[in-house]
Amino acid sequence: MNTIDLPSKKLMIFKIISLVVISSIMVISCYVYHKYDTYKSIKVVVNKEAAVEYGSANYDINKLIKKVEGEIVSVKQDIDTNKIGEQEVVVEVKKENVVKEVAFLVNVVDTIAPDINIKEEKVTITEGDNYDLTTNINSVTDLVDGDIAYSNEVTEDSNFYYDFSYGEDIDNVGEHEVIVNAKDKSGNINQIKFILEVKAKPEYRISIPVNANAPANGVGGDLVSIAYSLIGAPYISGSNGPYGFDCSGFVQYVYSRVGKSVSRSSYTQAYDGVAVSYENAQPGDILNWGHGGAVTHSALYVGNGLMIHATNPSQGVMLSNVAAWQNGSIDKLMGVRRIP
């Protein structure tokens, strides 16, 4: 019977133990290396321009990611979508029971243009009206920047404003396209259009029939001479001479110089004497002017399409062309009166 001596037996046991230890170390090393390799392989690749719109309540993080090695199991650090700018997101990614925190950048952006709310799609005014375009604006607001104010001094560097674009002929009779332009601080621009219709001034006439058989103005020549002598006199509101006049006071004063009486106001002078047509007007007749159906101005006709009247404080008593005055003023010729 063969026997193994004790030293040999101990050596064999040591070898077996050593082999087991080395094997265990190799297995553990392989496991650790595999885990480490798996950990290293976990990554998140975001889209080239990973962006979230400002104010997004529930954005989808998966739409920002181009590729992920593993599975996103949670978001450890989220972004605040109510703050514009670049922010860091941290997610937990799991792969083969290995979990890794991965950080990447997301940009919160404002790409929504301001909202423009107008009152009417078509605004109608009368020629000569002083119309403010901003009165057709209900509001101009931006999700990020809030209310946007009107500016009439827009430059290339301007932001956070709204203004208007329109043609040079916007004051002329016709329909004109008005463009409302709005820009926020992020450079987003919005436009909306409305129509401004300018209607011609109505030709008003007082509803008094003219007298085709009215007698001639027998003192017309004297009235015209007196009126010419007063050109250059100052306009003084409420005055009827002799050193200054308002419009009806001028007419009253000239007539008083030839011994004839007319009333004091422009409105009442529209009913003095008898009505004649402008085509039959004679030197010395009173021209009644006004707008909106109301007589507001008096002048003295001096013949050849001309009149003399007290106009305003800057011009005083002056000679004017009747047709030119009608074309350039808000007032229209409403009647002609002859004082027998």
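The values are calculated or read from the model by the stated rules, or taken from the named source; none is laboratory data. For clarity, every value in this text was computed on a predicted model and none was experimentally measured. Every residue, glycine as well, gets a Cβ built from its backbone with ideal geometry; the counts of neighbours run over all protein chains shown.
See the values below:
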{"read-out": "Hits in the stretch 57-69 - residues which are assigned to a loop (DSSP other than H, G, I, E, B) and either at pLDDT below 90 or loosely packed, with under 12 Cβ neighbours inside 10 Å (or both)", "value": "ALA57, ASN58, TYR59, ASP60"}
{"read-out": "Residue that is surrounded by fewer than 15 Cβ atoms within 10 Å (Cβ to Cβ) and of a type in the set (Val, Ile, Thr), where the choices are VAL144, VAL73", "value": "VAL73"}
{"read-out": "Tally of residues being loosely packed, with under 12 Cβ neighbours inside 10 Å and part of a strand (DSSP E or B) across the stretch 79-95", "value": "2"}
{"read-out": "Given (1) surrounded by 15 or more Cβ atoms within 10 Å (Cβ to Cβ); (2) modelled with pLDDT under 95, number of the condition ASN188 does not satisfy", "value": "(2)"}
{"read-out": "Which listed residue, of VAL27, VAL98, VAL20, is surrounded by 13 or more Cβ atoms within 10 Å (Cβ to Cβ), at pLDDT below 90 and out of contact with any strand residue (DSSP E or B) (no Cβ under 9 Å at 6 or more places or on another chain)", "value": "VAL98"}
{"read-out": "Filter result (in contact (Cβ under 8 Å) with a residue 12 or more places away in the chain, of a type outside the set (Ser, Thr, Tyr) and more than 19 Å from GLY167 (Cβ to Cβ)) within the stretch 121-149", "value": "ILE137, ASN138, VAL140, ASP142, LEU143, VAL144, ASP145, ILE148, ALA149"}
{"read-out": "Failed item in (1) part of a strand (DSSP E or B); (2) under 25 Å from ASP184 (Cβ atoms), with LYS76 passing the rest", "value": "(2)"}
{"read-out": "Pair list, Cβ < 6 Å and 6+ apart or interchain, from the stretch 173-196 residues that are under 19 Å from ASP157 (Cβ atoms) to residues that are charged (D, E, K, R)", "value": "ASN181/ASP163; ASP184/ASP142; ASP184/ASP145; LYS185/ASP145; SER186/ASP110; ILE189/LYS183"}
{"read-out": "Per-region count, the stretch 291-308, residues over 19 Å from GLY238 (Cβ atoms), of a type outside the set (A, V, I, L, M) and in contact (Cβ under 8 Å) with a residue 40 or more places away in the chain", "value": "4"}
{"read-out": "Of all residues in the stretch 223-257 being aromatic (Phe, Trp, Tyr) and more than 17 Å from GLN282 (Cα to Cα), the one that is surrounded by the fewest Cβ atoms within 10 Å (Cβ to Cβ)", "value": "TYR243"}
{"read-out": "Total residues in the stretch 119-146, condition part of a strand (DSSP E or B) and either of a type in the set (S, T, N, Q) or not assigned by TED's automatic domain parsing to the domain that holds ASN190 (or both)", "value": "5"}
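Residues checked against (1) under 20 Å from VAL254 (Cβ atoms); (2) of a type in the set (Phe, Trp, Tyr); (3) surrounded by fewer than 15 Cβ atoms within 10 Å (Cβ to Cβ):
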residue	(1), (2), (3)
GLY284	yes, no, no
LEU287	yes, no, no
SER298	yes, no, no
ASN304	yes, no, yes
ILE308	yes, no, no
ASN321	yes, no, yes
LYS332	no, no, no
ARG338	yes, no, no
